[in-house]
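Q: My questions will all concern the structure given below.
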Amino acid sequence: MWKQICKAAFIAGCLDITAACIQAWLAKGITPEVVLKYIASGVFGKDAFSGGIGYILFGLLVHFAIAFACTFIYFLAYPKLKFLHIHILLSSLLIAVIAWAITTRLIIPLSNIRPAPFNITKALTAIVILYVCIGLPVSYFAKRYYSK
């Protein structure tokens, strides 16, 4: 099971950070370096933005830790919650909405990042990215693992 969890988390994490970097570049011309320093700033505050490669790598580590946590929890819940077996597309949406809610309502407020005011367009964009990049691969790998 660990191999499947790690594979799913790695794929989901790569897809999600790639999508986040593309979205930040298209929306505001923000580079991947700044995206990763922003993630690191949740722990280190504004110092992360003036730091070097260490903060970038830390941001990447935090990002993958969150992707791993989402994947791990889903893999544990999947055999116990039968409604997750109904359809991958519905399960993926559930993962996306929960991941968005936990990130924006729990992780960010507890971090050094100042929460932005709620914006429905940004929220829906984030949920769509999470749906495609986290939800679909995680629910697919879980279904495939438990179908064996």
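Q: Quick test of your reading of the structure: L84 fulfils all but one of (1) at pLDDT 95 or above; (2) among the hydrophobic types (A, V, I, L, M, F, W, C); (3) crowded, with 16+ Cβ neighbours inside 10 Å. Name the failing condition by number.
A: All conditions pass for L84, except number (1).
Q: Need pairs with beta-carbon distance below 7 Å; first residue modelled with pLDDT under 90 and within segment 108-119, second not in a loop (DSSP other than H, G, I, E, B); sequence gap 6+ or separate chains.
A: P115/I108; P115/P109
Q: With respect to I127, is the statement that it is surrounded by 15 or more Cβ atoms within 10 Å (Cβ to Cβ), hydrophobic (A, V, I, L, M, F, W, C) and not in a helix (DSSP H, G or I) true?
A: Judged against the criteria, I127 is not a match.
Q: Something else: For segment 87-110, enumerate the residues that are small (G, A, S) and surrounded by 17 or more Cβ atoms within 10 Å (Cβ to Cβ). Full working, then the answer.
A: Going through segment 87-110, the residues small (G, A, S) turn out to be 91-92, 96, 99, 101.
If the condition is that a residue be small (G, A, S) and surrounded by 17 or more Cβ atoms within 10 Å (Cβ to Cβ), then S91, S92, A96, A99 are the ones that fit.
Q: In segment 120-142, what residues are touching a residue at least 40 places away in the same chain (Cβ under 8 Å) and among the aliphatic types (A, V, I, L, M)?
A: Within segment 120-142, I129, L130, V132, I134, L136, V138, A142 meet the criteria.
Q: Quick one: S41 ticks every box in (1) surrounded by 19 or more Cβ atoms within 10 Å (Cβ to Cβ); (2) over 17 Å from I5 (Cα atoms); (3) free of Cβ contacts under 8 Å to residues at least 60 places away in the same chain; (4) over 12 Å from the mean Cα position of the chain (by Cα) bar one, so which box is it?
A: Against the list (1) surrounded by 19 or more Cβ atoms within 10 Å (Cβ to Cβ); (2) over 17 Å from I5 (Cα atoms); (3) free of Cβ contacts under 8 Å to residues at least 60 places away in the same chain; (4) over 12 Å from the mean Cα position of the chain (by Cα), S41 comes up short only on (3).
The values are calculated or read from the model by the stated rules, or taken from the named source; none is laboratory data. Here the structure is a predicted model, which is why all the values come from computation and not from measurement. Ideal geometry is used to build each Cβ from the backbone, glycine not excepted, and the neighbour counts take in all protein chains shown.
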